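What follows is a short report on a single structure.
The values are calculated or read from the model by the stated rules, or taken from the named source; none is laboratory data. Just so we're clear, the structure is a prediction, and the values are computed from it rather than from any experiment. Here the Cβ positions follow ideal geometry from the backbone for every residue, glycine too, while neighbour counts run over all protein chains shown. With ligands, DNA and RNA removed, areas are computed over all heavy atoms of the protein, side chains included. Shrake-Rupley method; radii C 1.70, N 1.55, O 1.52, S 1.80 Å.
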Amino acid sequence: MKLDKLTMKSQELLQSAHEMARRKNHAAIEPVHFFNGLVEDREGVGAAILKKIGADMSAVTAEVKQAVEHLPQVSNPADIYLSRDSQQVLDTAFKEADKMKDQYVSLEHLLLALASAKGKVGEILTRQG
């Protein structure tokens, strides 16, 4: 995976996910960390897309916060790593960008990858349409 192929906003999202995992004492960055970053930025493209499809943003935010709180914690994680599910989300986002013949992986590609992911984020997005 080439991180230089991520747009600045996508890189910021990864950094935000890492920071949240660190603050919450999570050993791994999970897809829900990515989704939380998209949802928290109320003026960002991720929130705009969710609003456009008719998602109830307050319900989405509540579900995401609850999902983050239920992740296992460790005492002072030394190295925070990408979980297998998060790695798969990134791989899918890169494939989406390739299919669309885009040079860089944007937040839209990441949202598409999250929507197709198994687990909590996929469940939230499915419930929201």
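Check 43, 96, 108, 63 and return the single one that is under 13 Å from the mean Cα position of the chain (by Cα) and either in a helix (DSSP H, G or I) or farther than 22 Å from residue 127 by Cβ (or both).
Of 43, 96, 108, 63, the one residue that is under 13 Å from the mean Cα position of the chain (by Cα) and either in a helix (DSSP H, G or I) or farther than 22 Å from residue 127 by Cβ (or both) is 108.
Could you grab me the full set of residues in region 17-40 that are outside any loop (DSSP other than H, G, I, E, B), crowded, with 18+ Cβ neighbours inside 10 Å and either among the basic types (Lys, Arg) or in contact with a His (Cβ under 8 Å, 6 or more places away or on another chain) (or both)?
Within region 17-40, 17, 20, 21, 29, 33 qualify.
What residue, of 83, 116, is of a type in the set (S, T, N, Q) and open to solvent by less than 30 Å² (accessible area, probe 1.4 Å)? Give the steps one after another, and end with the answer.
On the way: 116 fails: open to solvent by less than 30 Å² (accessible area, probe 1.4 Å).
Exactly one residue qualifies, and that residue is 83.
Name the pairs: first residue in region 116-129 and among the hydrophobic types (A, V, I, L, M, F, W, C), second residue open to solvent by 80 Å² or more (accessible area, probe 1.4 Å) and assigned to a helix (DSSP H, G or I), Cβ to Cβ under 8 Å, at least 6 apart or on different chains?
117/88
With respect to the numbered conditions (1) more than 17 Å from residue 38 (Cα to Cα); (2) at pLDDT below 90; (3) of a type in the set (A, V, I, L, M, F, W, C); (4) touching a helix residue (DSSP H, G or I) at 6+ places or on another chain (Cβ under 9 Å), which one is the sole condition not fulfilled by residue 124?
(1)
Output the number of residues of region 66-80 satisfying the condition of being part of a loop (DSSP other than H, G, I, E, B) and buried (at least 16 other Cβ atoms within 10 Å of the Cβ). Lay out the reasoning, then the answer.
Step one: filter region 66-80 for residues part of a loop (DSSP other than H, G, I, E, B), giving 70-80.
Cutting the leftovers down to buried (at least 16 other Cβ atoms within 10 Å of the Cβ) gives us 71, 80.
Within region 66-80, residues that are part of a loop (DSSP other than H, G, I, E, B) and buried (at least 16 other Cβ atoms within 10 Å of the Cβ) number 2.
Only residues in region 20-44 that are at positive phi count as the first member; pair them with residues that are of a type in the set (S, T, N, Q), Cβ under 8 angstrom, at least 6 apart or cross-chain, and list the lot.
25/73; 25/75; 25/76
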